[in-house]
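Notes to accompany the following structure.
The values are calculated or read from the model by the stated rules, or taken from the named source; none is laboratory data. Please read all numbers here as calculations on a predicted model, not as lab measurements. We place every Cβ from the backbone using ideal geometry, glycine too, and count neighbours over all the protein chains shown.
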Amino acid sequence: MIGIGAVYVFAGLVFAVIALLSAGDSGNPKRWANTAFWGLFALSFLAGDYLGDFGNGLLVLAMVLIAGTVGLGIGKNQTTTVQQRGTSARLYRNKLFIPALTIPVVTLIGSFTFKHIALFNPAQITLVSLSIGVIVALLLARVLLKQPIPAAFQEGRKLLDLLGWASLLPQMLAALGAVFALAGVGQAIGGLAAQAIPGGSRFAAVAAYTIGMAAFTAIMGNAFAAFPVMTAGIGLPLIIAKFGGDAAVMTAIGMLSGFCGTLMTPMAANFNIVPAALLGLHDRYAVIKAQLPTAFLLLAANTVLMYALVFR
Amino acid sequence: MSLLPLLGVLVVVLGFAARLNPLLLVMAGAIVSGLASGLDFAGVISAFGKAFNDNRYVSVTWLVLPVIGALERAGLQERARDMIARIRGASVFSILCLYLLMRQSAAAIGLNSLGGQATMMRPLIAPMAEAAGEARLGALPEKLREDIRAQAAAAENVGWFFGEDVFVAIGSILLIKGFLEQNGISVEPLQLAVWSIPTAVLAFVIHATRLYVFDRRLVRASRTAPEGNRA
C-alpha cells in the first residue's frame with residue numbers, strides 16, 4: 001500500500017538531491033554546511049525509523065548546531081533572468097497557472113477519493129495526495145512549459161536556501177511541543193491559570209478562558225495543545241459546572257480564541273515565520289506585526305461573543 | 001505539581017524576543033524543560049529525537065518548492081503581475097479582500113488545500129497585490145512592497161484560521177468533540193460549526209477593514225515617499 005512511508009522515501013530522495021546540488025555549488029561560501037544540513041534531512045526521512053530515538057536526537061542536534069552556529073549559506077544557481085521570465089510569461093500566458101493549480105486540486109481530489117482505492121493507505125492520505133500532486137505538476141511543467149526536471153531541483157534548492165533555518169523550525173517546534181507535554185509544562189500552566197482566577201464573576205471566568213486560550217496557544221504555538229489544558233483548567237469547572245454555560249458555544253469560541261493566539265506568535269512558525277522568509281521580508285516578525293491588531297480585536301470580540309451567548 | 005518545567009518556556013520566549021537563532025533556542029528550551037522535569041541529558045535527546053522523527057510529516061510540505069521554483073523560472077510571478085496590472089481599478093485592498101473572502105469561504109466548505117503560503121501566496125497572490133499597488137500608485141519603495149507582502153501573508157492566515165472551523169469535519173472540531181466526550185458531555189459537530197460562524201463573520205469584517213485602512217495608508221505613504229527611493 002502507498003502510505004506515509006512512500007512519501008518519506010520520496011522526500012528523502014528530494015532532499016538528497018538538494019544536498020548533492022549544494023555540494024556542487026562552489027559559489028556558496030558555506031556549501032559544505034548546506035550539504036551536511038540537507039544530507040542529514042535526507043537521512044532523517046530515509047532512515048529515521050532505523051536510527052533509534054537517541055540516534056534521531058543526535059541527528060537533529062547536529063542539524064541545529066550546523067544551522068545555528070556555522071550557519072547556512074545561499075547558493076548561486078543558474079536561473080532565468082527577469083527579462084527571460086517576462087518573455088516566458090508572455091509566451092505561456094495562462095498555461096503557467098495549470099501546473100500551479102495542479103497541486104491543490106490533486107491534493108483536494110486525492111483527499112476525498114484515494115481512501116476508497118485499495119492501493120492507498122487511508123491514514124495521512126492528504127500528504128500522499130500532495131506528493132502525487134507534486135509529481136504530476138512537475139511533469140506538467142516539463143510538458144507544457146518545457147521546464148527541465150533538473151532545473152526544478154535547482155530552483156527548489158534556491159527556495160530552500162532562502163528559507164534556511166526556517167525550513168526546520170516547524171518540525172522542531174512540533175517536537176518541542178511533545179517534549180513540553182512530557183515535562184508537564186501544560187499541567188503547570190493550567191494549574192497556574194486555575195489558581196489565578198477569582199471564582200466570583202461570570203465575565204472574569206469567560207475572559208480568563210478566552211485570553212488564557214490565546215496566551216497559552218501563543219506559548220505552545222498550537223491551539224490544539226492549549227485547548228485540553230485550558231478547557232479542563234477553567235472552562236469545565238467554572239463556565240460550565242459553576243455558571244451553567246453551554247459547552248458547544250464555549251468550546252467553539254474557545255478554540256477560535258486560541259487561533260487568535262496563533263496569529264501572534266513566532267512559535268507558530270509555519271504560519272508566521274516561514275512566510276516572512278518565503279516572501280523575502282527583512283523583518284522576520286513582519287507577518288506577525290501585520291496580524292497583531294486583527295488578533296487582539298478578534299480576541300476581544302470573542303470574549304464579548306462568548307459572554308453574550310454562552311449563558312443564554 | 002512542579003513549576004520548574006516552565007523554565008524551558010522562559011528560555012524560548014526570551015530567546016525569541018532577543019532574536020536569537022530559533023533552532024538553538026528551541027533545542028535549549030527542550031533541554032531545560034526536560035532536565036527540570038527529571039530526565040537526564042541522554043533522556044532529553046532521545047525524547048526530542050523521537051518527537052522529531054514522529055513529526056517528519058510537518059516538513060513534507062517543502063516538496064512543493066521544486067514545482068513552485070520551476071514555475072517561477074518560467075515566469076509565473078510575472079504572469080500573475082501582468083494579469084492584475086491590466087485590470088483597471090484593482091487595488092491592494094480589492095485583491096487581498098477578495099482573496100480573504102475566497103480563502104475563508106473555501107475553508108468553510110472543507111476545501112482547505114486551496115491556499116498556502118508556498119503554493120498560492122509567494123508565486124501568485126503576493127505578486128498580484130504588489131502589482132495592483134504599483135499599477136495604481138507607481139513604483140513603490142522596497143519597504144512598502146514588503147509591507148504589502150506581509151499583509152498578503154496575513155490575509156492567508158486569517159482567512160484559513162477563521163474559515164476552517166465552520167466546516168464540520170475539520171480536525172479542531174473533532175478534537176473538541178472528542179475532548180468533551182471524554183468529560184461526559186455530548187455535542188454534535190454541527191453545533192460547534194454553527195457557533196463558529198459569528199467569529200468567522202467578525203474576523204472577515206475586522207480584517208477587511210484593516211486591509212482598507214492599510215490601503216489608504218499606502219496611498220498616503222506613496223505620495224510622501226522620496227523620489228530617490230522609487231525604482
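Before moving on, here are some points about what is shown:
Rundown of residues vs (1) in contact with a Gly (Cβ under 8 Å, 6 or more places away or on another chain); (2) assigned by TED's automatic domain parsing to the domain that holds A:Ala223; (3) closer than 26 Å to A:Ile240 by Cβ; (4) hydrophobic (A, V, I, L, M, F, W, C), yes/no style:
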| position | (1), (2), (3), (4) |
| --- | --- |
| A:Gly258 | no, yes, yes, no |
| A:Thr262 | yes, yes, yes, no |
| A:Ala276 | no, yes, no, yes |
| A:Gly280 | no, yes, no, no |
| A:Tyr285 | no, yes, no, no |
| A:Leu292 | no, yes, no, yes |
| A:Phe296 | no, yes, no, yes |
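- Listed by first and then second residue, the pairs with beta-carbon distance under 6 Å, at least 6 apart or on different chains, first residue in segment A:57-78 and farther than 17 Å from A:Ser167 by Cβ, second of a type outside the set (Gly, Ala, Ser), are A:Gly57/B:Ile45; A:Gly57/B:Phe48.
- Matching option when the condition is within 20 Å of A:Met255 (Cβ to Cβ) and assigned to a loop (DSSP other than H, G, I, E, B), among A:Gly233, A:Gly245, A:Gly200, A:Gly190: A:Gly245
- Of all the residues in segment A:286-300, those that are at the interface with chain B (Cβ under 7 Å from one of its Cβ atoms), crowded, with 21+ Cβ neighbours inside 10 Å and more than 11 Å from B:Ala154 (Cα to Cα) number 1.
- Checking B:Met102 against (1) surrounded by 20 or more Cβ atoms within 10 Å (Cβ to Cβ); (2) farther than 26 Å from A:Met220 by Cα, the condition it does not meet: (1)
- Some residue of segment A:170-179 being more than 27 Å from A:Gly280 (Cα to Cα) and at pLDDT 90 or above: yes
- Any hit, segment A:151-160, residues being facing another protein chain (nearest Cβ under 8 Å) and over 25 Å from A:Val9 (Cβ atoms): no
- Scanning segment B:93-109 for residues that are out of contact with any Leu (no Cβ under 6 Å at 6 or more places or on another chain) and closer than 26 Å to B:Val213 by Cβ turns up B:Ser94, B:Ile95, B:Leu98, B:Tyr99, B:Leu100, B:Leu101, B:Met102, B:Arg103, B:Gln104, B:Ser105, B:Ala107, B:Ala108.
- Which numbered condition B:Ser196 fails, given (1) surrounded by 23 or more Cβ atoms within 10 Å (Cβ to Cβ); (2) in contact with a His (Cβ under 7 Å, 6 or more places away or on another chain): (2)
- Residue tally, condition surrounded by 24 or more Cβ atoms within 10 Å (Cβ to Cβ) and not in a helix (DSSP H, G or I), over segment A:269-285: 1
- 2 or more residues modelled with pLDDT of 90 or more and within 30 Å of B:Ala139 (Cβ to Cβ): qualifying helices (runs of 4 or more DSSP H) within segment B:1-101: B:64-73, B:76-85
- Within segment A:95-107, residues that are of a type in the set (Lys, Arg) reach partners that are part of a helix (DSSP H, G or I) with beta carbons closer than 7 Å, at six or more positions or on different chains, in the pairs A:Lys95/A:Leu144; A:Lys95/A:Leu145.
- Residues of segment A:253-268 classified as facing chain B (nearest Cβ under 7 Å) and not in a loop (DSSP other than H, G, I, E, B), total: 5
- A:Lys95 vs. criteria surrounded by fewer than 22 Cβ atoms within 10 Å (Cβ to Cβ) and either among the polar types (S, T, N, Q) or part of a loop (DSSP other than H, G, I, E, B) (or both): no
- Within segment B:14-45, being at the interface with chain A (Cβ under 7 Å from one of its Cβ atoms) and surrounded by fewer than 18 Cβ atoms within 10 Å (Cβ to Cβ) holds for B:Asn21, B:Leu24, B:Ala42.
- Scope segment B:108-117; condition in a helix (DSSP H, G or I) and within 10 Å of chain A (Cβ to nearest Cβ); matching residues: B:Gln117
- The condition (being in a helix (DSSP H, G or I), within 22 Å of the chain's Cα centre (by Cα), surrounded by fewer than 21 Cβ atoms within 10 Å (Cβ to Cβ) and not charged (D, E, K, R)) is satisfied by just one residue among A:Val105, A:Val7, A:Val64, A:Val60: A:Val105.
- For segment B:118-146, filtered to residues that are facing chain A (nearest Cβ under 9 Å) and small (Gly, Ala, Ser), the residue that is farthest from B:Val219 (Cα to Cα) is B:Ala118.
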